[in-house]
Structure formats: C-alpha cells, structure tokens
C-alpha cells in the first residue's frame with residue numbers, strides 16, 4: 001500500500017464495553033494508540049512502524065460517554081416516520097387477514 005492510502009484507511013473505534021463510537025482514519029488511531037488512550041484489537045497485515053501494524057479496530061482504555069443523538073422535528077423527518085409506520089401497519093394487516 002502507498003503511504004497516503006495507509007494513513008487514510010478507516011479504523012473503527014470501540015468503547016471499553018465494545019460498543020462502536022466512531023470511525024476515524026489510521027493516522028488518528030495510531031496517535032491514540034501511541035498516547036495510550038486506545039489499544040489495537042484488530043489489525044491489517046501491513047506495518048505502519050517497525051513493531052506496529054496498521055490498526056483496523058481500536059478500543060478505548062477508558063469509558064467515554066456518548067450523548068444520545070437527537071432527531072430534529074422537520075417536515076422531512078416527520079413524513080419519513082409516518083411513511084415507515086404506515087408501511088409496517090400494512091405488512092401487519094396483510095399477515096393477520
């Protein structure tokens with residue numbers, strides 16, 4: 001792999017409890033591992049440094065509270081929710097008859 005491709009490879013970031021938090025690039029993941037903030041759980045076959053493989057999954061050392069995502073009440077979101085509920089209701093109605 002070329003160096004620029006290696007640095008931009010996506011890496012999955014897990015919490016201490018193995019819940020996915022985010023996806024970052026390999027450069028940021030390598031920095032987190034070197035600082036001791038995270039550990040490598042899975043890695044690729046190629047090496048970033050002499051003794052360090054390119055991480056594909058890292059796990060944080062301390063628990064990070066992730067705030068719940070809030071959905072905005074826009075016309076588009078409301079119409080999508082109504083359409084989804086209507087399609088689920090149709091499926092349930094067809095099965096029961």
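The values are calculated or read from the model by the stated rules, or taken from the named source; none is laboratory data. In this text, all values refer to a predicted model and were calculated from it rather than measured experimentally. Here Cβ is always computed from backbone atoms with ideal geometry, including for glycine, and neighbour counts include all displayed protein chains.
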For segment 1-30, name all the residues that are over 23 Å from residue 69 (Cα atoms) and loosely packed, with under 13 Cβ neighbours inside 10 Å. 1, 2, 3, 4, 5, 8
Output the residues belonging to segment 44-65 that are under 12 Å from residue 6 (Cα atoms) and touching a strand residue (DSSP E or B) at 6+ places or on another chain (Cβ under 7 Å). 44, 46, 47, 48, 53, 54, 55, 56
Qualifying helices (runs of 4 or more DSSP H) (wholly inside the chain; at least 3 residues being modelled with pLDDT of 80 or more and more than 21 Å from the chain's Cα centre (by Cα)): 75-96
